[in-house]
Every structure is written in C-alpha cells, then in structure tokens.
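Enquirer: Quick one: structure below, then a few questions.
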Amino acid sequence: MVRFEAISKTYPAYRGKPGVNALQDIDFAIPRGSITGVIGRSGAGKSSLVRLINGLEKPTTGRVIVDNRDISALAGRELRLAQRSIGMIFQHFNLLSSRTAAGNIALPLEIAGWTKADIKARVAELLALVGIADKHDRYPSELSGGQKQRVGIARALATRPSVLLSDEATSALDPQTTRAILDLLANINRELGVTIVLITHEMSVVRQLAREVVVLDGGHVVESGHVADIFTHPKHPITQSFLAEVIGDSLPVSLASRMTSEPSAGGQAVIRVQVRGAGAGDTVVARLARDLGLDVALLSARIDEIGGQHVGSLTLGIPGGEDAVTRTLAWLSQHQFSAERLGYVA
Amino acid sequence: MSPELINLIIQATGESLYMVGIAALLGTAFGLPLGVFLATSRKGELFAAPLVNRVLGIVVNATRSTPFIILVVAIIPFTRLIAGTSIGSTAAIVPLTIASTPFIARLVEAAIREVDGGLIETASSFGASPLQIVFKVLIPEALPGLLLALTLAVVSLLGYSAMVGAVGGGGLGDLGIRYGYQRFMPEMMLAVVVVLIALVQLVQSAGDYLARRVNRRLRHR
C-alpha cells in the first residue's frame, strides 16, 4: 500500500526562477493490488507525486508510506534497498542503447547483486512474461516502441516489486500499441498482484485500466475515488473536462451553426440530456416519445462506458412549441435525468 | 637515405610512440575520472559538489590555456622530482601527461553529458548507487564518444610530443628539428613529417573503427 500523509512539495527559487509549490495538502492512500490512475494536466504535479513514491524526490513536509515504511525518511543504502521493491516505467522507455533487451532487464538484477545464473533464468522468465522472448539479443534501436516498453516493463518487474509506477508509459505509443501495453499491465496486476500507479494526462488510459482515480490540479487532489463514481458524477471542472474528452460535449458543427436563440414556427427546441449510470440511456428516447406522444428527434448522441457505468449525453430535438418543451423537461427531471435547453433549430 | 639515418627515424618513432603511449595511458587514468567528476558534480547532480567542481574547472582551464612549450619549461623542477631527470623521453612523459589530463577530462565531460539524464533517473529508480550508475550506465552509454575523445587526445599528444624535442625529449620532432632544420637536411624533415602523418592517420582510423563498432548497435536511436 502507498499512503501520502499531509504531503507538500516546494521547489525553491533557483537562478532567478521563482519557487514552485508543486504539491499541497496531499492526503490519500493507494490500496494494495489496485490499479490507480493519477490524472491531471501538465504541471498539475503528477510527476512530482510519483517520484515521491520511489524516493527520487523528497517531500517538503509530510510522509510517504510504502509497504509500512516511511520512504521519505530513508536515504543512502536503505533507500536503495527499498527502491528495489518499487518498479518504474517511463514515457520514453529509458533503455540503455548499449545493452540488448536481455541486458537491459538484467541491469536492476546486477545492481541488486544477483548471481549470473539467477539473472539469466529470471531474464528469460521476464521476457516470456511480457511476450518478447524472441527479442532476447536485440538492441533497443532494433525494437518498436511497444517492444521497448515491454522491455521497460520487464526491467521494472525484475526485482519482484510490490508497486509498479507508470509515468505516462503509453503517451509515446500509437492507440493500438497503447491498448496492448495497457492489457499487459492489467494482466500483470491480475497475475502478480502488483499495485499499479498510472500517471497520465489521457482519460482513455484511466478509463481502460484504472479502478481508482485521483484527479490532480494545481498541486491539489481535487477528486479521488472509484473511477465509476468519479466520472459518472464529476464535481470539479477539471474532472468534467477530462470526461468531456471521452464523451464529447460539443455539438456537431452543422447543428451548432443552425441553432438560434429564438424559437421559429414549426421548428424544434434543442435539449441536451446527461446520461449517467448502468443502462440509463438505453430507452430514454423511446420512453420519452411514448409517454409524451412527441416525435422526438435524436440530433446527436455519445455514450461510453466507464467503470461499468454508462456516461454520455444525448442531444434531442423537441417539436411542438413551448408547451412540449416544458413537458419534456418536467418528464426528464421526474426520471432523474439532468437536462438543459441549448436553443432552437428551424 | 643512408641506413644510419633510417635507423635514426626508426629509433625516434619508437621514442615518440613510447612517450605518447604512456602519456595517453596516464592521461586517461587521470582524465577519465576527472572528466566523469566534472560531468556529475554540479548542483543537483550525482556527486554534487559545486564548489569543488568550480575549482577543478578553473584548474583545468588554466592548464589548458598554458602554451605547451611554456608548461614544459615551467614544470622542469616537478619533472625532475618525478622522473629523476628533466631530459629524455621518460622525462617528457611528465609534461605530456599533465597537458593531456585536462584535455581528456574536458572531452570525457562532454561525452558523459551527452548521456540522456533520464537514464540516470531510471537507474536511481531501481536503487543503483552513484558508482554503479557511472560504471553500468554513464561509461557504457558514452563509450563511442569516449573512444573518439581518446583518439583526438592521442593525435594531439603526437603533436605535443614533437615539441618536447626542444627540451631534449627525443622523438620524431627532435629529429626533425636537429637534422631537418639545424643541419638543413630537407629529406630528413620530409621523412619525419611523412611518418607523423602516417601515425596520425593510423590512430584516427583505428579510433574511428572502434567507435563505429560500439556505435553500430545504437545507430537508430
């Protein structure tokens, strides 16, 4: 388990640059065996946060507890020993170009003082685990991005860590490779029980892999909890903006350009309905049309699944003037849908 | 050219190679650690010691900006202390080493600084000690650059070694000046220059070859 206790991190002023409060009032725990996403925009403090976990950075105040040990209090040899139980993978893989895939994976084992025979056996095991047993003697320059990250993952797991830190590990990969790497991480979490902490600015990574999420903004944790809870009811504007990346909150251009603020005779009112929760959006259009006897038009819709919950929005066209709009909004609020009137189209 | 003269050239070539070889070895022995330290001891770096870094930097610059021939003369007492004499090829190794050490150190520093800082962070993240980072990450990753640096150092040492002839150091430069210039034997001068050119070509080609060999696997980085 990883626990942050009253953490703050300040970088002092240096060479004319002002000091930076990178993290403030950080207090949360990452459960053992979980996959926790830490999401935020650039400069939100994600990298500082993850580097506190493996002691690459020291907090200005507070403690970081990893496996019941205060890692922020360790230094020198003790810290280096503790770091062997925390693996890390990087956006740009950070492989040694002078070593083969096997040599790169062997590095942390050499540093930990394993014997040659033990290293050889462990490296073979790890290459098989990450699915690139045939790349044993290949240099990084001969590997694709996905293969390099697989080597990075094998290297991070070499000393059997209990925590795996991923610092934007898929940000330099194409979507298909990203999916394959995230699947691999999910397998590793399932089979080895390794706690995974994912630092990312991509909502899609959190959505696909994480079960817990921590939203960082300006050095503060603005929301944290189960992915499904956080993203079905996002409270903070930053969380909402991340959600919008997945479900989209902008109207199709053709619709937006036709929209007016005043109703026209024979036109439709444009109403947006938020969809949150399991199965919530399935039948709303049909039920609305049937109950109110209206020819409801579906102008645009986007529904996605996050943590097993439906999340999205429907844009409906309601004919029949002001009276129909009032009845529609009343029906929606009665059925626990949040909805708003955006305007009118002819 | 008479056999005696040819013998002189062979003997002088041997002296030059001896001076340059030993000075390059010693220069590397001192310059490599010094260069690694210069590259890793600024504020926030692996062996952070900003003050020592700055002082060493000034010493290195001072040594490098002293003209070699002045350095040779200036350190004669020191040379005598180390080598027992200030004349001859063995004595010449002292100023050659002192001149090549800071030169090699700066080249090593530049090569080490080329290594991606992310690799240092990576090695630290799995608990490598600073020395392990130097030997397992920095030096292997900088190896092509280090080999080219060493080649450059040997080539400059060949040039310097021609100068120590002026203080009785022996070698090809000495031969060229005494026979070629002072006794006015242009064919001797020509022979010395040809041998020096051949040596430089040989060293450069060997260095390039080695650097390319270790570099081949990193080409598509």
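The values are calculated or read from the model by the stated rules, or taken from the named source; none is laboratory data. Keep in mind that this is a model prediction, so the values were computed, not measured. No Cβ is skipped: glycine too gets one built from the backbone with ideal geometry, and neighbour counts run over all protein chains shown.
Enquirer: Got a sec? Which of B:ALA111, B:ALA128, B:ALA142 is touching a helix residue (DSSP H, G or I) at 6+ places or on another chain (Cβ under 6 Å), within 14 Å of chain A (Cβ to nearest Cβ) and outside any helix (DSSP H, G or I)? Reasoning before the result, please.
Expert: Numbers: B:ALA111 fails: outside any helix (DSSP H, G or I); B:ALA142 fails: outside any helix (DSSP H, G or I).
Just a single option satisfies the conditions, and that option is B:ALA128.
Enquirer: Only one of A:ARG190, A:ARG207 is away from chain B (no Cβ under 14 Å) and surrounded by fewer than 17 Cβ atoms within 10 Å (Cβ to Cβ); which? First the steps, then the outcome.
Expert: Values: A:ARG207 fails: surrounded by fewer than 17 Cβ atoms within 10 Å (Cβ to Cβ).
Being away from chain B (no Cβ under 14 Å) and surrounded by fewer than 17 Cβ atoms within 10 Å (Cβ to Cβ) holds for just one of A:ARG190, A:ARG207, which is A:ARG190.
Enquirer: Hey, can you tell me all the residues within the range A:89-105 that are surrounded by fewer than 22 Cβ atoms within 10 Å (Cβ to Cβ) and more than 10 Å from chain B (Cβ to nearest Cβ)?
Expert: A:ALA102, the sole residue that qualifies.
Enquirer: How many of the residues in the range A:57-73 are part of a loop (DSSP other than H, G, I, E, B) and surrounded by 19 or more Cβ atoms within 10 Å (Cβ to Cβ)?
Expert: Residues meeting the conditions: 2.
Enquirer: Suppose the filter is more than 13 Å from chain B (Cβ to nearest Cβ) and touching a residue at least 24 places away in the same chain (Cβ under 8 Å); does A:VAL163 pass it?
Expert: no
Enquirer: Condition (residue is under 14 Å from B:ILE112 (Cβ atoms) and either in contact with a Leu (Cβ under 7 Å, 6 or more places away or on another chain) or in a helix (DSSP H, G or I) (or both)) applied to the range B:61-83: is it met by at least one residue?
Expert: Let us first name the residues in the range B:61-83 that are under 14 Å from B:ILE112 (Cβ atoms), namely none.
Taking every residue of the range B:61-83 in turn, none turns out to be under 14 Å from B:ILE112 (Cβ atoms) and either in contact with a Leu (Cβ under 7 Å, 6 or more places away or on another chain) or in a helix (DSSP H, G or I) (or both).
Enquirer: Here's another thing I want to ask about it. Going by what's in this entry, would A:GLN147 be described as surrounded by fewer than 22 Cβ atoms within 10 Å (Cβ to Cβ), within 14 Å of chain B (Cβ to nearest Cβ) and closer than 22 Å to A:GLU191 by Cα?
Expert: yes
Enquirer: Only one of B:ILE75, B:ILE104, B:ILE69, B:ILE98 is surrounded by fewer than 17 Cβ atoms within 10 Å (Cβ to Cβ) and more than 14 Å from chain A (Cβ to nearest Cβ); which? Reasoning before the result, please.
Expert: Details: B:ILE75 fails: surrounded by fewer than 17 Cβ atoms within 10 Å (Cβ to Cβ); B:ILE104 fails: surrounded by fewer than 17 Cβ atoms within 10 Å (Cβ to Cβ); B:ILE98 fails: surrounded by fewer than 17 Cβ atoms within 10 Å (Cβ to Cβ).
Exactly one of B:ILE75, B:ILE104, B:ILE69, B:ILE98 is surrounded by fewer than 17 Cβ atoms within 10 Å (Cβ to Cβ) and more than 14 Å from chain A (Cβ to nearest Cβ), namely B:ILE69.
Enquirer: Out of the residues in the range A:212-221 that are under 17 Å from A:ARG3 (Cα atoms) and of a type outside the set (Val, Ile, Thr), which is surrounded by the fewest Cβ atoms within 10 Å (Cβ to Cβ)? I'd like the intermediate steps shown before the answer.
Expert: Just the residues of the range A:212-221 that are under 17 Å from A:ARG3 (Cα atoms), to begin with: A:212-216, A:219-221.
Then drop every residue that is not of a type outside the set (Val, Ile, Thr), which leaves A:212, A:216, A:219-220.
Numbers: A:GLU212: 23, A:LEU216: 24, A:GLY219: 21, A:HIS220: 16.
For the range A:212-221, the residue satisfying everything is A:HIS220.
Residue by residue, here is whether (1) in a strand (DSSP E or B); (2) small (Gly, Ala, Ser) holds:
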site	(1), (2)
A:ASP118	no, no
A:GLN149	no, no
A:GLY152	no, yes
A:SER166	yes, yes
A:THR178	no, no
A:LEU182	no, no
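Enquirer: Moving on. Spot the failing condition for A:ALA73; the list is (1) modelled with pLDDT of 95 or more; (2) closer than 29 Å to A:GLU5 by Cβ; (3) among the aliphatic types (A, V, I, L, M), and only one is missed.
Expert: Single failed check for A:ALA73: (1).
Enquirer: Given the structure, is A:ALA44 surrounded by 15 or more Cβ atoms within 10 Å (Cβ to Cβ), touching an Asp or Glu at 6+ places or on another chain (Cβ under 6 Å), assigned by TED's automatic domain parsing to the domain that holds A:HIS220 and of a type in the set (A, V, I, L, M, F, W, C)?
Expert: In short, yes.
Enquirer: Restricting attention to the range A:298-327, report how many residues are in a helix (DSSP H, G or I) and within 17 Å of A:GLY266 (Cα to Cα).
Expert: Taking the range A:298-327 first, the residues in a helix (DSSP H, G or I) are A:321-327.
If we keep only those that are within 17 Å of A:GLY266 (Cα to Cα) as well, we get A:321-326.
The total comes to 6.
Enquirer: Right, next: Could you tell me which residue of the range A:222-259 is surrounded by the most Cβ atoms within 10 Å (Cβ to Cβ), considering only residues that are modelled with pLDDT of 85 or more and among the β-branched types (Val, Ile, Thr)?
Expert: Of everything passing the filter in the range A:222-259, A:ILE230 is surrounded by the most Cβ atoms within 10 Å (Cβ to Cβ).
Enquirer: What is the number of the single condition among (1) modelled with pLDDT of 90 or more; (2) assigned to a helix (DSSP H, G or I); (3) within 14 Å of another protein chain (Cβ to nearest Cβ) that B:ALA211 does not meet?
Expert: (1)
Enquirer: Could you tell me how many of the residues in the range A:36-82 are within 11 Å of chain B (Cβ to nearest Cβ) and basic (Lys, Arg)?
Expert: 3
Enquirer: Of the residues B:LEU81, B:LEU152, which is touching a helix residue (DSSP H, G or I) at 6+ places or on another chain (Cβ under 7 Å), more than 13 Å from chain A (Cβ to nearest Cβ) and without any contact (Cβ under 8 Å) to a residue 60 or more places away in the chain?
Expert: The unique qualifying residue is B:LEU152.
Enquirer: When you look at A:SER85, is it over 32 Å from the mean Cα position of the chain (by Cα), facing chain B (nearest Cβ under 10 Å), under 25 Å from A:ILE181 (Cβ atoms) and not aliphatic (A, V, I, L, M), yes or no?
Expert: Taking the combined requirement at face value, the residue does not satisfy it.
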